[in-house]
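Asker: Take this structure, written in structure tokens, and hold onto it; I'll ask about it next.
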Amino acid sequence: MSGSLEYGVSLYSYTGEYGVTMTLDDCIEDVADLGATGLEILGEAHIEDYPNPPTAWLDAWFERLDRFGLTPTCYGSWVDHRRFPGRDITEDEAVQQLETDIRLAARLGFKYVRPKLGVVTADLEPHPVWEPATLRVLDLAEQQDVIICPEIHWPSVIRSKVVDDYIALIERTGTKHFGLLMDTGVFQTSMHHRSGGVPSRMGRGSARPPITPVVPVSDLEDVLQHVVHVQAKFYEIDDELQDHYIPWAEFLEVLVRRGWSGFLSSEYEGDYATGRAADQLRRQHALLRTLVAKETS
Amino acid sequence: MLDTTMIQTRGFKNTPGGFELRLRLPYYRGLWAGLIEGVTVTVDGETFAPEDAHWTIGELRGPLREIAASESARWPVDVAAVIGLRRDQPLSIGFHDVAAELAIQMSYIPEELQPTLWTEQRRLVVSR
């Protein structure tokens with residue numbers, strides 16, 4: 001079976017530049033200029049007056065898609081269970097949040113909605129509201145023709161209870177509107193320490209995250225049939241066009257051999273420095289396209 | 001456009017009864033106001049408690065607790081917040097060592113590793 005890989009960029013890549021050195025216009029123009037055809041955004045970052053964008057913003061959105069020949073791919077959303085100080089969100093509130101984002105994403109032409117779920121334990125169990133809330137919005141996702149796809153994202157691993165639970169939901173309901181988003185950061189073979197930006201730390205205490213094991217690319221084989229979108233997370237492509245953190249050749253070999261179709265949506269998460277994201281995205285696309293050409297020749 | 005730094009150069013000034021400074025949200029997305037825990041500002045070693053800060057985010061004005069009482073209140077990532085603080089004497093014209101610690105609650109990070117704290121020190125000028 002022969003698949004078709006397409007190339008996209010997530011505007012997350014321009015974190016540190018967006019609103020500082022680049023406008024939304026600049027970011028979208030850059031995505032088109034580097035030859036990508038897929039555009040991924042974060043609803044809560046890039047939509048003016050989220051979740052109620054003004055008409056002028058909506059008009060500009062569609063005008064840009066036309067002008068640059070870009071296809072909206074994935075819309076990042078959040079279900080923040082700590083949104084109301086002193087209590088967790090209720091199931092109804094989680095449903096309302098998901099409905100808001102599904103409708104807005106569909107209106108903007110997106111096919112995939114990635115809700116980032118809150119966690120309740122140190123080993124990253126999602127807040128239990130995720131499952132009943134998801135089941136309640138599956139009909140809306142079908143009506144709006146979008147696929148809800150929570151991400152498998154570092155420091156979560158593929159072989160975990162949460163991923164098993166996502167797959168169980170798909171198998172139990174038979175839905176075609178729920179799938180998995182694979183973030184390639186889970187395959188990092190060594191840890192990248194991001195430099196630059198405003199210094200930050202997690203928590204006032206001495207708690208530190210557990211060390212995450214390296215996930216072999218072979219684990220992807222078990223879940224690939226449910227993967228609907230790839231966030232091609234990366235940190236640094238060097239001057240020899242090599243990536244020392246993400247094993248792209250192995251990863252792409254699996255996608256090509258299995259005939260996977262969809263977007264590789266680049267997510268730069270390397271060092272902060274003005275202009276660096278634009279250069280690194282071009283390096284990554286050059287690397288990915290070269291490797292895919294080798295696999296398919 | 002905003003400065004790359006969290007504490008903005010523009011907006012640090014005396015006001016009637018105090019002073020103010022502008023902060024950029026150094027995150028990758030905007031936030032529901034209830035996820036902002038607060039900001040602790042220090043000027044030349046004098047610390048101002050988070051509960052004393054008066055926030056202005058676009059049209060929203062007041063102590064953070066009052067702003068967050070509106071469930072639709074948000075801090076967009078590309079809008080600087082103005083932090084107003086009371087002080088008996090105006091800050092002197094010239095250099096000041098300004099520090100800010102911004103605390104944010106990220107639901108997708110385990111609670112024992114929260115809040116996320118951004119800290120920054122800058123040497124800023126009061127020009128009048």
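Asker: Please compare each pair in A:Lys116/A:Lys233; A:Lys111/A:Lys176; A:Lys111/A:Lys294 to a cut-off of 20 Å on the Cα-Cα distance and tell me which ones are over it. Each step should come with its number before you reach the end.
Answerer: Values: A:Lys116/A:Lys233 16 Å; A:Lys111/A:Lys176 12 Å; A:Lys111/A:Lys294 29 Å.
Long pairs (Cα-Cα over 20 Å): A:Lys111/A:Lys294.
Asker: Using only helices, what value at 222 nm comes out for chain A when you add -39,500 (n - 2.57) per DSSP H run of length 4 or more and divide by the total residues, to the nearest 500 deg cm²/dmol? Don't skip to the end; give the middle numbers.
Answerer: Working: 9 runs with 109 residues, N = 297.
Taking each H run of at least 4 residues, the total per residue is -11500 deg cm²/dmol.
Asker: What whole-number volume per residue, in cubic angstrom, does the convex hull of the C-alpha atoms of the range B:13-126 give?
Answerer: Numbers: hull volume 12.4 nm³, N = 114.
Expressed per residue, the convex hull around the Cα atoms of the range B:13-126 is 108 Å³.
Asker: Using DSSP to define loop residues, name the GluC sites (Glu not before Pro) in the range A:206-250 whose beta-carbon has at most 12 other beta-carbon atoms within 10 Å.
Answerer: Details: sites: A:Glu221, A:Glu236, A:Glu240, A:Glu250; in loops: A:Glu236, A:Glu240.
The qualifying sites are A:Glu240.
Asker: Please list, by residue number, every one of the GluC sites (Glu not before Pro) in the range A:1-88 that is coil in DSSP and has at most 15 other beta-carbon atoms within 10 Å.
Answerer: Numbers: sites: A:Glu6, A:Glu17, A:Glu29, A:Glu40, A:Glu44, A:Glu48, A:Glu63; in loops: A:Glu17, A:Glu48.
Of the GluC sites (Glu not before Pro), the ones in loops of the range A:1-88 whose Cβ has at most 15 other Cβ atoms within 10 Å are A:Glu48.
Asker: Measuring from centroid to centroid over Cα atoms, what is the spacing of the range A:123-148 and the range A:251-297 in Å?
Answerer: 29 Å
Asker: Treat every Asp and Glu Cβ in the protein assembly as shown as -1 and every Lys and Arg Cβ as +1, leave all other atoms uncharged, and give the resulting dipole magnitude about the Cα centre to the nearest 20 debye.
Answerer: My answer is approximately 600 debye.
Asker: Could you give the semi-axes, largest first, of the ellipsoid that matches the range A:1-43, computed as the square roots of 5 times the alpha carbon gyration tensor eigenvalues and rounded to whole Å? Working shown, then result.
Answerer: Working: eigenvalues 116, 22, 10 Å².
Those come to 24, 11, 7 Å.
Asker: Other chains' Cβ within 10 Å of A:12-21 residues: what's the mean?
Answerer: Numbers: counts 2, 1, 1, 5, 3, 1, 4, 9, 8, 3.
Shielding by partners across A:12-21 averages 4.
Asker: Here's something else I'd like to know. Considering every residue in A:39-46, what mean count of other chain Cβ atoms within 10 Å of its Cβ is obtained?
Answerer: For this peptide, the per-residue mean of nearby foreign Cβ atoms is 3.
Asker: Can you pull the mean other chain C-beta count within 10 Å for peptide A:82-88? Intermediate results must be reported in sequence, preceding the final value.
Answerer: Numbers: counts 11, 9, 5, 9, 1, 0, 1.
Mean inter-chain Cβ contacts per residue within 10 Å come to 5.
Asker: Where the centre of each part is set by its Cα atoms, how far does the range A:161-222 sit from the range B:62-80, in angstrom?
Answerer: Taking the Cα centre of the range B:62-80 as reference, the centre of the range A:161-222 is 30 Å away.
Asker: Once the dipole of the range B:13-126 is set up with Lys and Arg at +1 and Asp and Glu at -1 on Cβ about the Cα centre, which of B:Ile104, B:Ala68, B:Gly17 lies farthest towards its positive end?
Answerer: Positive-end residue among those listed: B:Gly17.
Asker: Apply the a/c threshold of 1.5 to the C-alpha gyration tensor of chain A and tell me whether it is rounded, prolate or oblate.
Answerer: Numbers: a/c = 1.22, a/b = 1.12, b/c = 1.09.
In terms of gyration-tensor shape, rounded.
We did not get these values from a lab; they are worked out from the coordinates using the rules stated. Because the structure is predicted, anything quoted here is derived from the model rather than measured. Reconstructed Cβ throughout: ideal geometry from the backbone, glycine too, with neighbour counts over all protein chains shown.
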